[in-house]
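The values are calculated or read from the model by the stated rules, or taken from the named source; none is laboratory data. Computed from a prediction, not measured in an experiment: that's the story for all the values here. Every residue, glycine as well, gets a Cβ built from its backbone with ideal geometry; the counts of neighbours run over all protein chains shown. Quick note on the areas: whole protein, heavy atoms, side chains included, nothing else; ligands and nucleic acids left out. Shrake-Rupley method; radii C 1.70, N 1.55, O 1.52, S 1.80 Å.
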Amino acid sequence: MEEYKFNEIEKKWQDIWDRDKTFAASNKSEKPKSYFLVEFPYPSGQGLHVGHPRSYTALDILARKRRMDGYNVLYPIGWDAFGLPTENFAIKNKIHPRIVTEKNIANFKRQLKSIGFSFDWDREVNTTDPSYYKWTQWIFLQMFKKGLAYKQEMPINWCTGCKVGLANEEVVGGVCERCGSEVVQRNKSQWMLKITKYAERLISDLDETDYIEKVKTQQKNWIGRSEGAEVDFKVCGTDEKIRVYTTRPDTLFGATYMVLSPEHAMIEKLSDKITNLSAVREYQLQASKKSDFERTEIAKDKTGVPLEGIKAINPVNGDEIPVWISDYVLTTYGTGAIMAVPAHDTRDFEFAKKFGLPIIEVVGGGKNIQEEAFTDVATGVMVNSGFLTGLLVEEAKKKIIDFLEEKGVGERKVNFKLRDWVFSRQRYWGEPIPLVHCDKCGWVALPESELPLVLPEIESFEPGENGESPLAKATDWINTTCPECGGAAQRETDTMPQWAGSSWYFLRYMDPHCETALASPEALKYWSPVDWYNGGMEHTTLHLLYSRFWHKFLYDIGVVPTKEPYFKRTSHGMILGENHEKMSKSRGNVVNPDDIVNDYGADTLRTYEMFIGAFDQSTPWATQGVKGCYRFLERVWGMRELLTGGDAYSAELEKEMHKTIKKVTEDTERMKFNTAIAALMALTNDIYKLGRINKAEFKTFLTLLNPTAPHITEELWSAAGFEGQISGQKWPSYDEAKTTDNEIEIVVQICGKVKSRLMIPADMDKAEMEEFAKTNEQIKALTEGKNVVKIIAVPGKLLNIVVK
RNA sequence: GCAGACGUGGCGGAAUUGGCAGACGCGCUAGAUUAAGGUUCUAGUGUCCACCAUAACGUGAGGGUUCAAGUCCCUCCGUCUGCACCA
C-alpha cells in the first residue's frame, strides 16, 4: 500500500489553494453571505499555541461546510500586533518593535498556513500598519468630536523600580510582575472613553444577539445595572445635604447612620464643624496610601472614623443619625455615600457590630437581626416603618420612591458598575492619539487629512523618568502648530491601548484595502453583521464589550448598518497541559503545534483538536490521543484500496451512510465536533469490516471529512479521479426515511428492569406496541403468574410492563 | 462571600425530549504477523464472582419524585472559571 505522506500532500494542496485563491471571498455574489470570525492573534515571540488552532479549526470547519452549502463565505485573519510584550522585548534587546512584530508575524503566518486554514489571505490586516491605524485614529477622532473622549486625572499603577505605569495585569500581589518592586498609585491625566453612556444599550441589545448564555450573563454582571433611588439627608445645623444611592429605599426607616467615602467632598465643606478633624485627616491619609490591592485584601475587616459634631437627618422620620467615614464605601460608585441599614445589609451589619451602632429591624420574617443581617427581598414584610409597615418589600420600594419624589428629597435612579474606559497608555508601541494641545484652544483634533498620524522614529523606547510616554522624547514630532489658530501647540504623547485596534478589525476585513473609509458602505452593508464569532471567555468583559461599544457609536454616526457587530458568539474551552494544568513556559507543559504538524501532519492536528473533547470545555492535551487520530487518517488513506465501482450507495452501507450524514451535519452545526468525528470513525470501522467501499460512498465519506481534514480528502478525491476539487463540492444530503431501520430492537422491561430485547417493526406506534406486549409469547412468559398493572410503550425505544 | 460551569471506567470523553449507561478514541490483556522491537490485524476489556448471567451492583455523597433518573427536585462534599466591600 502506498504510504500516507502527509507532509507532501499538505504542502501540495496548500500551494494549490494559495495559487487558485480557492477561499477568497467576493464582495459581490449571487449566493447568500456568511461571515465567520475568530479572534485574530497577538503575534507573540513564542509562536502559535495549540489553543489557537482549536478555535481556528472549529470555525474553519464551519466555514468550509458553509461554502459547500452554497454560501459566499468570508473567513479572514489578521494581526493584533500592538502591545506590551513586543515593546518590552524591543527595550530589552534594543530592536525596533516594528522589526520584532514583522518577525513574529512571519512566524505566525507560516504556522497558520501549515495547518491549512481556509482564510482569505488577501484580506489580512495588521493593526500596526499605518493604513490600518489611520482608521483607528479616525474613529477616535469621531468620538472626541462627539464628546465621548475626555481627559481626567486617574490613579495609575506606578512601578517604583521601572518608573513605569503598569497595566493592572502587570501588577501581581501588589508588586511589579517584572522587577518585583513596590507598585503605588499615582495620579496621571488620562484619556477616557465614555462607555458608560452606552451601558443601558450594551445590556438591552444583547436580546438581539445569539450569544451563548454564559457570555450574556458575564457581560450583564460586568456592566452591573442596578435600580434604586438617590435620597438626600440634611446635615443638622447647615444647608448642606448628603446624597446617597440605595437599591433598598424600602429600608429607609432602618437607616441608623451614614457612611461617606474617605475622599467625599462633603468632608471639606463641613471641616469647621468636625470636632475630631485630626483623626479624620489621619484616616483619610491612611486610606489614600492603600493601593487597590491592599483595600481588597483587607476587605473583611471594617475600619472607620465618625465625623464628630456632625449629624444627618433621616428624611422619613426626622431622626438624627451619626455620620462616619470608611473605605468600605467607594468614591467611584453611586454618590460616594451611603445610608447604612445594618439590619438588612451584611456590610453595614459588620460595621455596626464593630462600632456599636444601633440595629433596627424594618423587614420582618427573617432571623434575629441582632445576630445576622436579613437580606431576602422576596419574602420580607415591612415592620417599624411608618406608612410602609405591612407592605411587601417590592411594594414598599415603589411607595417610598413616590413619596421621596413628591417631597423633593429623592428620586428613582439606575446605576452601573461599569466605569469609563482608560484609553491612554504611556507607551511607544501603540496608535498615537491624534490630538494636539494648544494653550489658547485647548485639546484640538487633527484634521482628518493629516491621518494617519504616524509613530515617529525614536532612539529608545523606554518610558521617561516620570512615567510619561517614550514619545515625550521626540521633541521635533511633539512641537507642531494648532490646527485651529495656527499658534504653537504640542501633540499628545500618550498612545492608545491594545484594545483599540481590535475594537473594529472585523469591519476592515469587509473591505481591507479601502482608502476612503474604514470600509465602503456597500461592503459594510453586504457583510454586516458577523454571523458567527468564536473566541475565548477571557475576552468577554474587555474586547467583546469594547468592540460592541465602538460599533454602537459607529452605528449612531451612520457608519455601520447594524446595532450589533456580532450575531452569534460562541466560546471554546482551554487546552490544558498533559498534567491537567494550564499550559505555560514555566510549567514546562507547552505543546508546539509545529511538532504535531511535522510528526503527524496538519490533518491529524486538526482532527485531534476537534476530537479531544467537548468544544466548549477545557480539556487536557494527550499526545497518545494524537496517535489515535493519526491511525484513523491512515485507515482513511487505506480506503482507496477498498474502492469499487458503483454510483449509488450499496445495500449494506446505505442506511449507515444516511445516518452518518445526518449525524455529522447536525453535530457540526452544534459544534459537537468530537461526536461527528466519532461517527466517521465508526463508519470507517464498518467499511473495513465490509472490506469495500464504492464510489458513491467514498465521495460522501470524503466530503463529510473534508472540513476537518482538508488535505488528505483533497488528495484522495483527486487520486480517485473524481471531478474537480473536493472543496468545491456540495455538502451531502440525507433522506430521513433512510436513517431508520425497518425492524428495530426494543428493550423489554418488567418494572423498569431490562429482561429481554425483541425485534419489532420500526413504525409500530404506541397502541400497537401495547397490543404486541399483550400477545407476545416471550413477554407472556416473563409476566407468567403476575398481575399486569400497566404497560408503558415508548415507540422505537422500549416496553415496560408493570406487574404486581 | 457572590455568580456561573462541572463531577460518568485506568485516561480523554459519549448518552436532543427522563427510556439499553460507558459510543468513539487512548491505554491494557491475549493471539496472529515479525529473528526481535515497532507497525498492522483479530478477539477481549465498568465492578463483583471459583464458575454460569437476559443475575446483582454501578454516573461525587445522602435523600426524594417516577413504571423508569447520569438526566428532574432537595441537602451536602469537591474541582474549575469569572467578579470581588458596587450600597
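The table that follows gives values for the structure above.
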read-out	value
DSSP bridge pairs, chain A: antiparallel proportion in percent, nearest 5	75 percent
Gain on full stretching of the segment that runs from A:Glu652 to A:Lys94 - 0.36 nm per residue minus C-alpha separation	194.1 nm
Column: log10 I(q)/I(0), Debye, Cα scatterers of segment A:444-545, q = 0.12, 0.23, 0.24, 0.25 Å⁻¹	-0.65, -1.20, -1.24, -1.29
Mean separation of Cα contacts under 8 Å (6+ apart) over length of segment A:343-406, as relative contact order %	26 percent
Positive minus negative residues near A:Lys103 (Lys, Arg vs Asp, Glu; Cβ under 13 Å)	+2
Options A:Ile325, A:Leu392, A:Asn314, ranked by Cα towards positive dipole end of segment A:275-429, top entry (Cβ charges)	A:Ile325
Mean accessible surface per residue for segment A:682-755, computed with a 1.4 Å probe while every protein chain stays in place, in Å²	43 Å²
Total charge dipole magnitude, segment A:1-94, about the Cα centre, Cβ charges on Lys, Arg, Asp, Glu only, Debye to nearest 20	260 debye
Relative compactness, segment A:386-468, computed as alpha-carbon Rg over 2.2 N^0.38 Å	2.20
Rounded to 5, percent antiparallel among DSSP beta bridges of segment A:443-602	45 percent
Of A:Lys151/A:Lys397; A:Lys28/A:Lys568; A:Lys31/A:Lys220; A:Lys5/A:Lys28, pairs whose Cα-Cα distance is over 28 Å	A:Lys151/A:Lys397; A:Lys31/A:Lys220; A:Lys5/A:Lys28
With Cα atoms, 0 to 90° folded angle of helix A:277-289 axis to chain A main axis	30 degrees
Measure of compaction for chain A (Cα Rg per 2.2 N^0.38 Å)	1.20
Two-decimal log10 I(q)/I(0) for segment A:533-605, as the Debye equation yields it once each C-alpha is a single scatterer, q = 0.15 Å⁻¹	-0.73
Cα gyration tensor, segment A:173-293 - rounded (a/c under 1.5), prolate or oblate	oblate
Estimated FRET transfer efficiency when R0 is 30 angstrom, pair A:Arg631-A:Asp765 (beta carbons, to 0.05)	0.10
Whole-percent carbon and sulfur share, accessible surface of chain A, 1.4 Å	49 percent
Debye, to nearest 20: dipole size of chain A, +1 on Lys, Arg Cβ, -1 on Asp, Glu Cβ	620 debye
Percent of beta bridges antiparallel (DSSP, segment A:631-774, rounded to nearest 5)	80 percent
Extension gain from A:Lys399 to A:Leu277, taking 0.36 nm per residue of separation minus the Cα-Cα distance	40.0 nm
Rg over Rh [alpha-carbon atoms, Kirkwood Rh] for segment A:346-422	1.05
Computed label-point distance, nm, for sites A:Ala737 and A:Leu542 using a 7 Å Cα→Cβ extension	5.7 nm
Unit charges at the beta carbon, dipole of chain A: most positive-side option, A:His539, A:Leu112, A:Leu704	A:Leu704
Peptide ranges A:652-664, A:316-328 listed from the most packed, as the mean C-beta count within 10 angstrom indicates	A:652-664, A:316-328
About the Cα centre, charge dipole magnitude for segment A:335-441 (Lys/Arg +1, Asp/Glu -1 at Cβ), debye	440 debye
For segment A:1-125: accessible area per residue (Å², 1.4 Å)	40 Å²
Ranked packing of A:491-500, A:641-650, most packed first, by mean Cβ within 10 Å	A:491-500, A:641-650
Relative contact order of chain A, pairs being alpha-carbon contacts under 8 Å that are 6 or more residues apart, as %	14 percent
Segment A:404-455-segment A:15-79 distance, computed between alpha-carbon centres (Å)	35 Å
FRET efficiency for A:Glu723 and A:Asp616, using Cβ-Cβ distance with R0 set to 41 Å, rounded to 0.05	0.60
CD proxy at 222 nm, helix term only [per DSSP H run n ≥ 4: -39500 (n - 2.57); per residue of chain A; nearest 500]	-10500 deg cm²/dmol
Residue (of A:Thr256, A:Ala378, A:Thr335) at the positive-pole extreme of chain A, dipole from beta-carbon charges	A:Ala378
Alpha carbon centroid spacing (whole Å) that separates segment A:461-497 from segment A:327-394	52 Å
Heavy-atom accessible area per residue - segment A:444-483, 1.4 Å, Å²	50 Å²
Packing rank of A:465-471, A:504-510, where each peptide gets the mean count of other beta carbons within 10 Å, highest leading	A:504-510, A:465-471
Relative contact order %, segment A:703-804, counting alpha carbon pairs below 8 Å whose residues are six or more apart	23 percent
Whole-Å distance, taken between Cα centres, linking segment A:688-732 and segment A:506-534	34 Å
Paramagnetic reach from A:Glu3 (point 7 Å along Cα→Cβ, amide N under 19 Å) across segment A:571-598	A:596-598
Gyration tensor (alpha-carbon) shape descriptor, segment A:636-680, a/c threshold 1.5	oblate
Fully extended contour minus Cα-Cα distance, from A:Lys780 to A:Thr644, at 0.36 nm per residue	44.1 nm
Debye intensity ratio I(q)/I(0), log10, segment A:665-717, q values 0.22, 0.24, 0.28 Å⁻¹ (C-alpha model)	-0.88, -1.01, -1.19
